[in-house]
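The values are calculated or read from the model by the stated rules, or taken from the named source; none is laboratory data. Everything numeric in this text was worked out from a predicted model, so none of it was measured. So basically every Cβ, Gly included, is an ideal-geometry build from the backbone, and we count neighbours across all protein chains shown. In case anyone asks, the SASA skips ligands and DNA or RNA and just uses the protein heavy atoms, side chains included. Shrake-Rupley method; radii C 1.70, N 1.55, O 1.52, S 1.80 Å.
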Amino acid sequence: MNTEHLLAPIHAFLHCRTPQAWIEQARKPENLPLLLTDHLVCELKAAQTAMWLIRRYVADKESGDALLAWLKPWEQFVHCENADLAFLEQHKTLSKTVISRVDAKYGDVLVDKMVLLIKEELHHFYQVLEIMQARNIPYVKITASRYAKGLLREITNHEPQTLVDKLICGAYIEARSCERFASLAPHLDDELASFYVSLLRSEARHYQDYLALAAEISKTDISARVQIIGETEAKLIQEPDSQLRFHSGLPDFG
């Protein structure tokens, strides 16, 4: 796959590249179980975020409750280390049957984009778990990084700006994921490198979908908010971090 055309807009959007110090830590074989575990959880978190947006802004209560129940097996797995994996193929059953609210002009497009994102992220969850199992890496619960919480602190607390800011944050998370897959792939074994490169196209599209939705929903130009949230994202990536995670900053484990 020619990745240059995919990565060029990602690099232009992000305010910094992944530091080499992070790559050096992430590429170490002894850190692979931790990185794959965090990657697995990040895929679920991405699906949860998209699901939350549908439930909060578009779906009626009945549909929202049904979506919540539908996602529950994945959440139980990551929280309880449940070995029953019968739910893993369930992501294929999700469809755009969510009922949009009458007052949400952007409801249809948000549902279309977020349902596709949920299906893809949960498919990636399935793929990462398959890789872990093939390599005899057990799933063990780990703590979350500070990255997402740091971004969410920038969100405005009044609508529709709250939704717009959440979408911009989503764009940065997806863009950073794409950039990190590309940064790490050359330093991994052939199987993992091929897998991470295969994720670039969907992650790049996810960032674009989030950003396009933010621009469509906002009543004003979003450039200033994109800039501010982007500066925060870069700071989180460049500042020291006490733990290695997929979106962590500069390694500082002393």
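For Leu6, what is the net charge nearby, where nearby means another residue's Cβ is under 10 Å from its Cβ and Lys, Arg count +1, Asp, Glu -1?
0
Mind scanning Lys45/Lys72; Lys113/Lys235; Lys149/Lys219; Lys72/Lys141 and naming the pairs with a C-alpha gap bigger than 20 Å?
From the list (Lys45/Lys72; Lys113/Lys235; Lys149/Lys219; Lys72/Lys141), the Cα-Cα distance tops 20 Å for Lys113/Lys235; Lys149/Lys219.
Would you list the membrane-span-like helices of the chain, meaning whole DSSP H runs whose alpha-carbon atoms span at least 24 Å along their axis and whose mean Kyte-Doolittle value is at least -1.0?
Working: long enough: 32-57 (37 Å, 0.51); 61-80 (27 Å, -0.25); 107-134 (40 Å, 0.46); 161-184 (34 Å, 0.29); 200-217 (26 Å, -0.36).
Membrane-span-like by this rule: 32-57, 61-80, 107-134, 161-184, 200-217.
Calculated from DSSP H runs of 4 or more alone, at -39500 (n - 2.57) each and per residue, what is the 222 nm mean residue ellipticity of the chain, nearest 500?
On the way: 10 runs with 164 residues, N = 254.
Using -39500 (n - 2.57) per qualifying helix, the result is -21500 deg cm²/dmol.
At a probe radius of 1.4 Å, what is the per-residue accessible area of Arg56, in Å² to the nearest 10?
100 Å²
Cα gyration tensor of region 110-154, axes a ≥ b ≥ c as square roots of the eigenvalues: rounded (a/c below 1.5), prolate (a/b > b/c) or oblate? Don't jump to the answer; show the numbers that get you there.
Numbers: a/c = 4.44, a/b = 1.22, b/c = 3.64.
Because a/c hits 1.5 or more and a/b fails to exceed b/c, region 110-154 counts as oblate.
For the residue pair Ala104 and Glu24, what label-to-label distance in nm results when each label sits 7 Å from Cα along the Cα-to-beta-carbon direction?
With each label placed 7 Å out from Cα toward Cβ, I get 4.7 nm.
Over the Cα atoms of region 120-254, what Rg and Dmax result, in angstrom?
Expressed in Å, the Cα Rg and Dmax of region 120-254 come to 16.4, 51.
Given a 1.4 Å probe and the protein chains all in place, what does the accessible area of Arg146 round to, in Å² to the nearest 10?
The value for Arg146 is about 70 Å².
How large is the accessible surface of Phe181 in square angstrom, using a 1.4 angstrom probe and rounding to the nearest 10?
Its accessible surface works out to 10 Å², give or take rounding.
How much of the accessible area of the chain, probe 1.4 Å, is carbon plus sulfur, in whole percent?
53 percent
Treating only the Cβ of Lys, Arg, Asp and Glu as charged (+1, +1, -1, -1), what charge dipole size does the chain show about its Cα centre? Round to the nearest 20 debye.
Using only the charged Cβ atoms, the result is roughly 400 debye.
For Gln227 and Arg17 in one chain, what is 0.36 nm times their gap in residues minus the Cα-Cα distance, to one decimal in nm? Each step should come with its number before you reach the end.
Numbers: separation 210, 0.36 × 210 = 75.60 nm, distance 1.58 nm.
That pair, Gln227 and Arg17, stretches by 74.0 nm at full extension.
Can you give the accessible area per residue of region 107-147, in Å², using a 1.4 Å probe?
About 43 Å² of surface per residue is accessible.
Taking the chain as a Gaussian network, Cα atoms linked when under 10 Å apart, which of Asp108, Asp209, Asp165 shows the biggest mean-square fluctuation?
Asp108
Could you work out which residue, out of Cys169, Cys80, Cys16, moves most in a Gaussian network model of the chain, that is, has the largest mean-square fluctuation with Cα springs under 10 Å?
Maximum among the listed residues: Cys80.
Among Ile118, Ile142, Ala104, whose Cα sits farthest toward the positive end of the charge dipole of region 98-160 (+1 at Cβ of Lys/Arg, -1 at Cβ of Asp/Glu, about the Cα centre)?
Ile142
Show me, bin by bin at 10 Å from 0, the whole-percent P(r) of region 3-251 based on Cα pairs.
Histogramming region 3-251 at 10 Å steps yields 7, 31, 37, 21, 4, 0 percent.
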